[in-house]
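Structure, as structure tokens:
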Amino acid sequence: MKTIVFLGGGRITTALLTGLTAAKFRAKLVVHDRHSQKLRSLQKEFGITAAPDLEWAMKTADLLIVAVRPQSVRELLCSMPVPARALPALSLAAGIALERLEAWSSPRLRWARAMPSPACRTRHGLTALAFQRRCPRSARQLIESLFAAVGEVFVLPESQFDAFTVLYSVSHGQHMLHAMTQAGVRLGLRRNIAEKAARHALSESILSLRASGASLEDLLREAATPGGTSAAVMASLNDSGYTKMLDRALRAGVRRAKEWGRR
């Protein structure tokens, strides 16, 4: 059984542990964090092995997962002891390229990157992966199997990681749900009814796309009956610059990810 060591016990580690536990993923799961209370909480909830000592955690690992905020990655890597052997390492930090990870760490670490969705906690995740050429096949297989246990996984060119990171976030849908609910309330609906209608609009649009086998363009044409209410709503959205606004918002996210990578 492989030993997977998480460096950082925050939200994304908790989401992954939740999904992996539900999937009954076969591995020894270890978490290192500076905060003892956080380790005790994770140990109680998931039965993980708590590792207050970084050097001990690294010695036990078959795979290291760096799960700290982007602005903390360099400090963590520079504080690491040199591993006694070649060791696969996986970064979950947005914006920090493989080249930077390699420059900041021991040459004995073999790097990969992953962008897992918080929806991995419900095993509906979506994870993009990128690998250094020298990352061994056995490590690639372990990493792919880990994320396949909590959702869909695919390999993506690293040059596309920032764009993927800002586009796939479930928070966008939650933001839209909140905005649509508020708009429904302003139209005179009770909040619970407005949210129910908005949830239906968003969730069923995805489910119907999956179930029908039709293209997104075909479904939009079908919904936009000339002279109908849906056509009026979509035309007004386009006229108000909705698609351009989304484009600007996503580009802002990409710029922020690149800022993290340059620090």
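Every read-out reported here was derived from the displayed coordinates using simple, explicitly stated rules and does not represent laboratory data. Computed from a prediction, not measured in an experiment: that's the story for all the values here. Note: ideal-geometry Cβ built from the backbone for every residue, glycine included; neighbour counts use all protein chains shown.
At-a-glance table
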{"read-out": "Cα-based convex hull volume of region 161-263 per residue, rounded to whole Å³", "value": "130 Å³"}
{"read-out": "Separation of alpha-carbon centers, region 83-146 and region 54-74, rounded to whole Å", "value": "11 Å"}
{"read-out": "For region 153-207 and region 215-263, distance of Cα centres in Å", "value": "12 Å"}
{"read-out": "Pairs of lysines in the chain (C-alpha under 27 Å apart; 8 or more residues apart or interchain)", "value": "14"}
{"read-out": "Gain in span if fully extended, S138 to L187, counting 0.36 nm per residue against the direct Cα distance", "value": "12.0 nm"}
{"read-out": "Point-charge dipole on Cβ atoms (K/R +1, D/E -1) for region 119-163, about Cα centre, debye to 20", "value": "220 debye"}
{"read-out": "Acute angle (nearest 10 degrees) that the helix 242-262 long axis makes with the longest principal axis of the chain, alpha-carbon atoms", "value": "10 degrees"}
{"read-out": "Proxy reagent accessibility, fewest Cβ within 10 Å first, across R190, R74", "value": "R190, R74"}
{"read-out": "Helix-only mean residue ellipticity at 222 nm for the chain, each DSSP H run of n ≥ 4 adding -39500 (n - 2.57), per residue, nearest 500", "value": "-17000 deg cm²/dmol"}
{"read-out": "Region 3-167: antiparallel DSSP beta bridges as a percent of all, rounded to 5", "value": "15 percent"}
{"read-out": "Test item: Cα-centred dipole of region 170-262, Lys/Arg +1 and Asp/Glu -1 on Cβ, debye", "value": "560 debye"}
{"read-out": "Angle between the chain longest axis and helix 229-239 axis [Cα atoms, degrees, rounded to 10]", "value": "60 degrees"}
{"read-out": "Debye, to nearest 20: dipole size of the chain, +1 on Lys, Arg Cβ, -1 on Asp, Glu Cβ", "value": "720 debye"}
{"read-out": "Tilt relative to the chain, helix 36-46 - C-alpha long axis, 0 to 90 degrees, to 10", "value": "70 degrees"}
{"read-out": "Lys/Arg +1, Asp/Glu -1 at C-beta; the chain dipole; positive extreme among F164, A197, P83", "value": "P83"}
